[in-house]
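Okay, so here's the structure we're looking at.
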Amino acid sequence: MDLAPLTPADERLVDQAAAAAEDAFSPPENGRFEHAAHIVTAAVETTSGDVYTAASLPASVGRASNCAEPGALGAAVAAGDHEFERIVAVEHPRGNDADYRVVPPCGACRELVVDYGEDLRVVVRSEDGDTGVVRAADLLPCRTW
């Protein structure tokens, strides 16, 4: 998949998602979740320019866990903002890592993101570690519904 380069607006959104991760992160030893501690956050920018963030919500029962992207989209919708420009999810650094890492949306989040905007800019990281942007619909090339 070809990645478009990040624009300054894309880079700002990555920074905003990382700031949300810093606020949301709770080391496992300080919380009740041994393997996940709100390590992923997402930021979505609407066409009005407003940005909404959310953290992943781990649960002791896996099915009850939630990804960060639906939370960010839901926060925007709850505020009456329904037109989306771009979205990104980042992972809080682990262990000795110092950098936040862009993570691609999971399959369910890809479906959700496309439902809210086929042309939405999605910031992703390639297998080679390059960060760029793809159109949401391009994350589901065989989608016919």
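Computed from the coordinates by the stated procedures, all read-outs in this text should not be read as laboratory data. Because the structure is a prediction, the values reported are computed rather than measured. Counting neighbours? That spans all protein chains shown, and the Cβs are built from the backbone with ideal geometry, glycine included.
Some notes on this structure:
- Cα gyration tensor category, rounded, prolate or oblate, for the stretch 66-145 with a/c compared to 1.5: oblate
- Efficiency of FRET from Cβ geometry, Ala19 and Ser48, R₀ 22 Å, rounded to 0.05: 0.65
- Rounded to 5, the percent of DSSP beta bridges in the stretch 8-139 classed as antiparallel: 90 percent
- Extending 7 Å from Cα along the Cβ direction at Cys142 and again at Asp97 yields two label points whose distance is 2.9 nm.
- Within-14-Å neighbourhood charge of Glu118 [Cβ basis; K, R +1; D, E -1]: -1
- Summing charges over all other residues whose Cβ lies under 12 Å from the Cβ of Thr7, with Lys and Arg as +1 and Asp and Glu as -1, gives -1.
- Normalised by 2.2 N^0.38 Å, where N counts its residues, the alpha-carbon radius of gyration of the chain equals 1.01.
- The stretch 49-101: C-alpha gyration tensor shape, a/c 1.5 cut-off, then a/b vs b/c: oblate
- Local net charge near Ala98, Cβ-Cβ under 14 Å (Lys/Arg +1, Asp/Glu -1): -2
- Take the Cα of Ala79, step 7 Å toward its Cβ, do the same at Arg135, and the gap between the two points is 2.7 nm.
- Each Cα pair under 8 Å and six or more residues apart adds its sequence gap; the mean of these over the residue count of the chain is a relative contact order of 22 percent.
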